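Working notes for the structure below.
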Amino acid sequence: MSTSRRAFLKAGGLALFGIGVGGVPTFMARAAGSSKLLMPYKKRKIMVCIFQRGAMDGLMAVTPFTDQYLQNARPTLFMSAAKNNAGPSLIDLDGRFGLHPSFKAFESLFREKRLGIVHGIGSPNNTRSHFDAQDYMESGTPFNKGTASGWLNRAVGLMGHDATPFRAVSLTSSLPRSLYGDNPAIAISNLNDFGIQLKGNPMSANVAAKSFEDLYDQASSSLLKETGKESFDAVKMLQKASPKTYVPENNAIYPNSDLGNALKQIAQLIKMDVGVEVAFAESGGWDTHFNQGRDTGVFARNAADLSNSIVAFWNDMNAYQDDLTVMTMTEFGRTVKQNGTGGTDHGRASCNFILGNDVNGGIVHGDLQPLAIENLEDARDLKVTTDFRMVFSEVADKHLKINDKGILFPGWTGGKIGVMRA
């Protein structure tokens, strides 16, 4: 972590960490609630990535409901798409796949062909360790633990144009592995009271200040000056608007959750026109070893939070939708067969969601064979039939116009799956 921070601080970035909860600080609120600030930055494409930590059960999220093997393997977890009086049913997407009812918010976007789903996605590395699998996915090098940078940081470096210090922003308490690297990136846990992580501070303490300008003026030469005066100049630009409380557009209602609040603040930052091009957020709680639930329970709650948060963000960003793509990811899936405690254990392949006007939506992409034991990996798991790099590189290529996959994903020479429109 310290190595990465030194690299991006030297490159002109700031690591911002929240130290409280509550409202947005005054200067941020003024900027977010105002009309667009006039800045010398050209409008760019924006990609928002959401990591579902804990490993989402893709077979419950998007169920191949005609598969008899799956029904037999999950006597208390399997849901049907048939409408009956026995409780909620799956949302039939195409006669084969059904969306979990807690993902109801996604249905209209799928029908409008703005939301695409990739099933059978995962890593070629068969580790079932959360830590290792997340590390491999975020570094983009699934067989190399020594990769210093993350794939999103490399993507930032391949964009090939001038940018602001706010180009890459993570609404998390610390910089995610995806954004490690030499290119500037910012980690903000909350837009309320926050400090700046000082390079070389042995206690990693947050330093509070009335404003970035004051903090810069107080720094004589050594620590903060190394972050680059342009970082502070960018923040000072946010202080020029009149004070108003931020109100989401199009009656968008964000869940009062970590993810909902993170996406709401990403929307605020984008609307400030400070140059956000890559944003990152997290959704936790997907490690459903026990009491997973069927139409209620921990999985259903997480699914509702994820879909409602993303749809609120999408509606709020109505004026930016042509320039926006949202993509989810998770480190691996769950076992085909449920376990003895009403849950599912660590598996292999899962699914992910990609939302945008340039997405080849309304389709469940990927290759899923019948879930008979002879088709399963290690006789227990959904096989990975789509390498996650196929999807990530295609989204980066088509949306961000990054086509150097040799740098984006070193050592990989795979193709595309067709999740983005030609």
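The values are calculated or read from the model by the stated rules, or taken from the named source; none is laboratory data. As the structure is a prediction and not an experimental result, all values here were calculated from the model. Positions of Cβ are backbone-derived with ideal geometry, glycine not excepted, and every protein chain shown enters the neighbour counts.
Quick check on my filter: what residues within the stretch 358-408 are part of a loop (DSSP other than H, G, I, E, B) and under 22 Å from the mean Cα position of the chain (by Cα)?
Within the stretch 358-408, D358, N360, G361, G362, I363, G366, V384, T385, K401, I402, N403, D404 qualify.
Residue by residue through the stretch 268-286, note down the ones that are more than 23 Å from P88 (Cα to Cα) and within 17 Å of the chain's Cα centre (by Cα).
Here is the first cut: in the stretch 268-286, the residues more than 23 Å from P88 (Cα to Cα) are 268-284.
Result: Q268, L269, I270, V276, E277, V278, A279, F280, A281, E282, S283, G284.
Can you pull out the residues in the stretch 64-91 that are part of a loop (DSSP other than H, G, I, E, B), on the phi < 0 side of the Ramachandran plot and surrounded by fewer than 14 Cβ atoms within 10 Å (Cβ to Cβ)?
Those that are part of a loop (DSSP other than H, G, I, E, B), on the phi < 0 side of the Ramachandran plot and surrounded by fewer than 14 Cβ atoms within 10 Å (Cβ to Cβ): P75, T76, A82, K83, N84, N85, A86.
Take the residues of the stretch 247-285 that are among the acidic types (D, E) and closer than 16 Å to V311 by Cα: which is surrounded by the fewest Cβ atoms within 10 Å (Cβ to Cβ)? Working first, answer last.
Here is the first cut: in the stretch 247-285, the residues among the acidic types (D, E) are 249, 258, 273, 277, 282.
Okay, now just the ones that are also closer than 16 Å to V311 by Cα, so 249, 258, 282.
Working: E249: 12, D258: 20, E282: 17.
Across the stretch 247-285, the extreme among qualifying residues is E249.
Among the residues of the stretch 319-357, which ones are part of a loop (DSSP other than H, G, I, E, B), among the charged types (D, E, K, R) and surrounded by 23 or more Cβ atoms within 10 Å (Cβ to Cβ)?
Within the stretch 319-357, E331, R348 meet the criteria.
Hey, can you tell me all the residues within the stretch 252-275 that are closer than 18 Å to N315 by Cα and either in contact with a His (Cβ under 9 Å, 6 or more places away or on another chain) or among the β-branched types (V, I, T) (or both)?
Selection gives I253, I266, I270.
Determine if the stretch 153-174 includes at least one residue that is under 25 Å from N318 (Cα atoms) and without any contact (Cβ under 8 Å) to a residue 24 or more places away in the chain.
no
Does G228 fit the bill of being crowded, with 18+ Cβ neighbours inside 10 Å, at positive phi and at pLDDT below 50?
Details: crowded, with 18+ Cβ neighbours inside 10 Å: yes; at positive phi: yes; at pLDDT below 50: yes.
For G228, the condition - crowded, with 18+ Cβ neighbours inside 10 Å, at positive phi and at pLDDT below 50 - is met.
Looking only at the stretch 287-308, decide whether some residue is within 19 Å of the chain's Cα centre (by Cα), touching a residue at least 60 places away in the same chain (Cβ under 8 Å), more than 27 Å from L59 (Cβ to Cβ) and not in a strand (DSSP E or B).
No, the stretch 287-308 contains no residue that is within 19 Å of the chain's Cα centre (by Cα), touching a residue at least 60 places away in the same chain (Cβ under 8 Å), more than 27 Å from L59 (Cβ to Cβ) and not in a strand (DSSP E or B).
Quick test of your reading of the structure: R294 fulfils all but one of (1) buried (at least 21 other Cβ atoms within 10 Å of the Cβ); (2) basic (K, R); (3) closer than 30 Å to N126 by Cβ. Name the failing condition by number.
Exception for R294: condition (1).
Might you check whether a residue that is out of contact with any helix residue (DSSP H, G or I) (no Cβ under 9 Å at 6 or more places or on another chain) and of a type in the set (G, A, S) occurs anywhere in the stretch 388-403?
Among the residues of the stretch 388-403, not one is out of contact with any helix residue (DSSP H, G or I) (no Cβ under 9 Å at 6 or more places or on another chain) and of a type in the set (G, A, S), which makes the answer no.
Give the residues of the stretch 388-422 that are acidic (D, E) and touching a strand residue (DSSP E or B) at 6+ places or on another chain (Cβ under 8 Å), sorted by residue number.
E394, D397 - these are the residues of the stretch 388-422 that are acidic (D, E) and touching a strand residue (DSSP E or B) at 6+ places or on another chain (Cβ under 8 Å).
Being modelled with pLDDT under 95 and of a type in the set (A, V, I, L, M, F, W, C), is that true of even one residue in the stretch 357-370?
no
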